[in-house]
8 protein chains.
Amino acid sequence: MAMRSLQPPGRRPALDDLDKSIIKCLQLDGRRPYAQIGRELKVPEATVRQRAERLISRGIVQVVGVTDPLAMGFQQPALIGLCVEPGKLDRIAEQIAELDEVTYLVVTAGRFDLMCEVVCEDNEHLLRVLTDRFASIEGIRSTETLVELRFVKESYQWGAR
Amino acid sequence: MAMRSLQPPGRRPALDDLDKSIIKCLQLDGRRPYAQIGRELKVPEATVRQRAERLISRGIVQVVGVTDPLAMGFQQPALIGLCVEPGKLDRIAEQIAELDEVTYLVVTAGRFDLMCEVVCEDNEHLLRVLTDRFASIEGIRSTETLVELRFVKESYQWGAR
Amino acid sequence: MAMRSLQPPGRRPALDDLDKSIIKCLQLDGRRPYAQIGRELKVPEATVRQRAERLISRGIVQVVGVTDPLAMGFQQPALIGLCVEPGKLDRIAEQIAELDEVTYLVVTAGRFDLMCEVVCEDNEHLLRVLTDRFASIEGIRSTETLVELRFVKESYQWGAR
Amino acid sequence: MAMRSLQPPGRRPALDDLDKSIIKCLQLDGRRPYAQIGRELKVPEATVRQRAERLISRGIVQVVGVTDPLAMGFQQPALIGLCVEPGKLDRIAEQIAELDEVTYLVVTAGRFDLMCEVVCEDNEHLLRVLTDRFASIEGIRSTETLVELRFVKESYQWGAR
Amino acid sequence: MAMRSLQPPGRRPALDDLDKSIIKCLQLDGRRPYAQIGRELKVPEATVRQRAERLISRGIVQVVGVTDPLAMGFQQPALIGLCVEPGKLDRIAEQIAELDEVTYLVVTAGRFDLMCEVVCEDNEHLLRVLTDRFASIEGIRSTETLVELRFVKESYQWGAR
Amino acid sequence: MAMRSLQPPGRRPALDDLDKSIIKCLQLDGRRPYAQIGRELKVPEATVRQRAERLISRGIVQVVGVTDPLAMGFQQPALIGLCVEPGKLDRIAEQIAELDEVTYLVVTAGRFDLMCEVVCEDNEHLLRVLTDRFASIEGIRSTETLVELRFVKESYQWGAR
Amino acid sequence: MAMRSLQPPGRRPALDDLDKSIIKCLQLDGRRPYAQIGRELKVPEATVRQRAERLISRGIVQVVGVTDPLAMGFQQPALIGLCVEPGKLDRIAEQIAELDEVTYLVVTAGRFDLMCEVVCEDNEHLLRVLTDRFASIEGIRSTETLVELRFVKESYQWGAR
Amino acid sequence: MAMRSLQPPGRRPALDDLDKSIIKCLQLDGRRPYAQIGRELKVPEATVRQRAERLISRGIVQVVGVTDPLAMGFQQPALIGLCVEPGKLDRIAEQIAELDEVTYLVVTAGRFDLMCEVVCEDNEHLLRVLTDRFASIEGIRSTETLVELRFVKESYQWGAR
């Protein structure tokens, strides 16, 4: 899944082919040295560095260490669908986004108004998120939790094909 | 959201405090030089490098360039919940994971058996995924699409707190 | 879809065959000159004009320019089902009908109490309708949005067959 | 509600202010003479005619007689949500669009895959549509009918504001 | 609840005030002698008899002994909603109507395609209806049973007010 | 469907074979003279009369004129499922039972807490019941209306087989 | 929750007060010696033993060691609701009852046709039950899993109050 | 189904093979004398007694008389799913657990927040639980009752295999 910048759509400067090639390299290995990327793309290291830093500072790409929750001791990740009072959606989204356990949050059209992913250590931790953390947020009409039984795919190599 | 290794749980070697500190640094900035991490944590660069490379090779952390779909021209991301024939779940999950548009896929307990995220350029692209790509996968009983209206949070800094 | 008059049913004067033939002509091409319709139906232009104007003034037919939202820059039309407090349905329907984005609104029996179509420029616009506009309307219990992925048919040639 | 052209999005020529002003006039009264529109907009009748005819031929605006179903003797309009087999959606949409009673049909994301409006004379007519007409279309998994109890709004004056 | 004739609507001869007064008397007490009704309505017994017999023979009113299922030893009445394959609705309705336990059956628009009431002696009897009787009827997609916990109202005195 | 007495179960005196035979005769034709029933069952008319009157006075059988709503001008009957606040169920049931349009009302276990049948003249009448009548009843959480498209069966001859 | 005998209802011999007192003692502590129960109830030990053994042999009470799944290493218990083809319910119930992980299974009226509890070691185990075990059972239309987050109450002291 | 201790997970002392063998014996027959268990497992009676008593006192096993509700006169058991206000879940669970009719209660993830089993004498008793008992508990958003039509399996012999 992909980090998204908060810039309004339409105002983004277009990406050229070199930008896209650099993004592609970083999607495969975020620690690859710029010199090595430069050799592969046949452009000077300085150009790669300048472009990459601009892409990063503009929020188009973000190089991060992505960790495996199970290896970190978080055995019970779950997706939670929420229905909320329309007028409080913005405020509720803000409050949910502040919770440490929430790794992902989107506003959706359909059965749910919001979908989030929480990463919890076990069933009791998941229950505490639902009852203690969500309880203090006013305007949540209902929640429906889908416990994640098995992780199948997470891809960072899309978008530049 | 976090990449997850496919190792069976329970067999993972425990992480010590240094591992966790290195992970924390990479979660904040995946391109941070090991020398700089070493100075902060007061350990030699070689130790940081050795630990980081082991964490990466064991699939506990993955350093990747994470991109903003809107900046890349993908205006219509969506979550799709699927109900499938129980005996075909493994095979269906495999086939869905192979689709380029699918950035995320988990098996869930609850209203849906599978939840995936697809990143599409527009409504027509999303519709083609639903009708052309999913149509060739046998055993899908129903799909329900939740179009993502606004991205709120994606965090990579959890798990090491 | 068809505009409907607000006259109570049962009090409408019956339409004769000439009325129906004129309606049929206007359904196919709303700008067709009355003289041309008269020649086709073998009645004087004055009769066609008189009949057509009565049908229009009585609200049985309405000749309008119907536009393509995509061509006008409205990329995200959606249907929204609403459940509301029974005693507030009339007032809620009135307030929703006042919104510019709402092109269609009916009271329904079944899963939803009201169904409307909104025509929005993009996801953010759709979200603003749901959160800002609907938020100020008291008595809405839930909304469920069905984003329109593809337009298939809109017919104005029914009703006179 | 608005007729939509079947042109792929993105390839449409942009509309200028005169186009939009002419559309606005036709949305209010589709029979308004071009000479009168010309006087209001302070452009020659010939220019209005040429522009209007191009807008019509390109499918951006369609001037039609829109009729009131109740006045025409159609007392039981209804919205029908359908869930279908993904691989058959295109074919099913095509077959439903061919039915005379169907005045409107869109592909949707969410609880239903397709939503259509049917205009029927009475309950028996509506039932025949559901059982006789839909029965011969292969791949429909479920239908859910929302009988329209009261018409509230249908607007053709949007889109040019 | 009311028995309904199978005559097509629209062809029914209108009821006059005397018809309605006689119906009203029979709704209150089906065994009331025609002479007594005649005295109350101030018309000869022969007229009442003739009118009543015509109303009965035309299926507008039916005088029946309505029994209390609990007193008859039927402790578990239930309502069952069914979803069926559209093309088989007529045949399925026919087969369900033939079951002795089914006291009431209507075709509905909405969440269910058919709703029936069954009157059963106990839970095992209800289960046999669902599994044995319904099992032999082809085309039922799903059933959902609502056990009746308490009877509140059944009125035969409506319709003539 | 059957009228039910409000006597608590368990305290009812058992019915003997003669009671059941008399009930059976009245279920077929509620106006059949007791003398005729007596001849068929080979018991004196006085015995039939005494037994029948006791069955009626004890609320086990009720002889009523059952009318066809369509013939009476009620074109739009519907079933309505309601969810209510648990503590207000008794009071709500009482208030709904008082409405003239409600011909049938039961408390149910399952998706709905209450199911009622309303007999309305047309869509506007049905809508007035939902918005005006139900609006004044406090504690209704949701309603879902299933319009009756076709009547299939109503039986009064069960229960004595 | 209580074990239930498979005897048809209605044929059970009535329990007297002594039976009920003995059941009450065993519900509190299943290992309580009969002599001690006899002293408390003021009846000879032999009578208690005879009565208790008859209650056990007739399946009215069953004295068992009930274990805590968490202590036994079963971290992920879940409830599963199933919808099945009506004609296959008996056979499906039989096959599900044979599964070791299934500790409880009932046929239900309502949203689900069957509800079972499964006791699993972890998410992978639960997933194997759903995909491998259930996959070989023909006629299951859908399953919906409710993961148990926290156990609150299980009582064996009811029924004799 | 199994009683669960309220000890936090992770702090439980591990069970050895002798513990598990003793549990297995008690699961089959809770009244089996320790001497007999000792002979079978080839350990002294005193060891069996000491181990069994420790398992019981630590809440890992509980020996109880489990009764058949039908034999005890409870003809209408039911499962009830509840949705509640997140912040009140703990308090609501506590209040429901105090009700005599509730034999089982768990917090669940998914469509319902809580699932309980109630054992009732008949439909009226079940209705009183829903309306009288639940009515006084603040924060219940909805309940959905699944009447148990037939008991299929309840196992106490799992967990030690």
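The values are calculated or read from the model by the stated rules, or taken from the named source; none is laboratory data. Given the structure is predicted, the values throughout are model-derived calculations rather than measurements. We place every Cβ from the backbone using ideal geometry, glycine too, and count neighbours over all the protein chains shown. Only protein heavy atoms, including side chains, enter the accessible area calculation; ligands, DNA and RNA are left aside. Shrake-Rupley method; radii C 1.70, N 1.55, O 1.52, S 1.80 Å.
Dipole of the range G:33-159 computed with +1 at Lys/Arg Cβ and -1 at Asp/Glu Cβ about the Cα centre; of G:I80, G:V43, G:V119, farthest Cα towards the positive end is G:V43.
This model, with +1 at the C-beta of Lys and Arg and -1 at the C-beta of Asp and Glu, gives the range E:58-119 a dipole about its Cα centre of some 200 debye. Mean residue ellipticity at 222 nm, helices only, chain B: -8500 deg cm²/dmol; runs of at least 4 DSSP H residues each add -39,500 (n - 2.57), and the sum is divided by the number of residues. Restricting the range B:46-103 to GluC sites (Glu not before Pro) that sit in a DSSP loop and have at most 12 other Cβ atoms within 10 Å of their own Cβ leaves B:E98. With K and R counted +1 and D and E -1, the other residues having a Cβ less than 10 Å from that of H:L79 yield a net charge of -3. The dipole here belongs to the range C:29-161: it is taken about the Cα centre, uses +1 on the Cβ of Lys and Arg and -1 on the Cβ of Asp and Glu, and is about 980 debye.
Note on the range G:112-158: with neighbouring protein chains present and a 1.4 Å probe, carbon and sulfur make up 37 percent of its accessible heavy-atom surface. Taking every full run of DSSP H in chain E, the ones that stretch at least 15 Å from end to end by Cα along their long axis and average 0.0 or higher on the Kyte-Doolittle scale are E:17-28.
With R₀ set to 22 Å, the beta-carbon distance separating C:E45 from D:R39 gives a calculated FRET efficiency near 0.40.
Taking the alpha-carbon distance from G:K153 and a cut-off under 18 Å, which lysines remain once sequence neighbours fewer than 8 residues away in the same chain are dropped? Within the straight-line limit of under 18 Å, G:K153 reaches these lysines: H:K88.
Contact residues in the range B:27-54 by the 10 Å² criterion (accessible area, 1.4 Å probe, full protein complex versus chain alone): B:Q27, B:G30, B:R31, B:Y34.
Taking a ≥ b ≥ c as the square roots of the eigenvalues of the Cα gyration tensor, an a/c ratio of 1.5 or more together with a/b no larger than b/c marks the protein assembly as shown as oblate. Solvent-accessible surface of chain C, averaged per residue with a 1.4 angstrom probe and all protein chains in place: 39 square angstrom. Among B:T47, A:T145, the sequence by solvent-accessible area, most first, with a 1.4 Å probe is B:T47, A:T145. When chains G and H come together, the accessible area they lose, probed at 1.4 Å and totalled over both chains, is close to 7300 Å². Give me the percent of DSSP beta bridges within the range C:78-143 that run antiparallel, rounded to the nearest 5. Among the beta bridges of the range C:78-143, antiparallel pairing accounts for roughly 100 percent. Binning all Cα-Cα separations of chain F at 10 Å, short to long from zero, yields these whole-percent fractions: 9, 31, 27, 22, 10, 2. In chain B, Cα pairs under 8 Å separated by at least six residues give a relative contact order of 26 percent. Give the carbon-plus-sulfur fraction of the accessible surface of the range C:34-100 in %, rounded to a whole number; probe 1.4 Å, heavy atoms of protein chains only. The C+S portion of the solvent-accessible surface of the range C:34-100 is 47 percent. Taking every alpha-carbon pair in the range E:34-84 and binning the separations at 5 Å intervals from zero gives 5, 16, 13, 13, 11, 10, 12, 10, 7, 4, 1 percent. A Förster radius of 41 Å combined with the Cβ-Cβ distance from G:L28 to G:R91 puts the calculated FRET efficiency at roughly 0.55.
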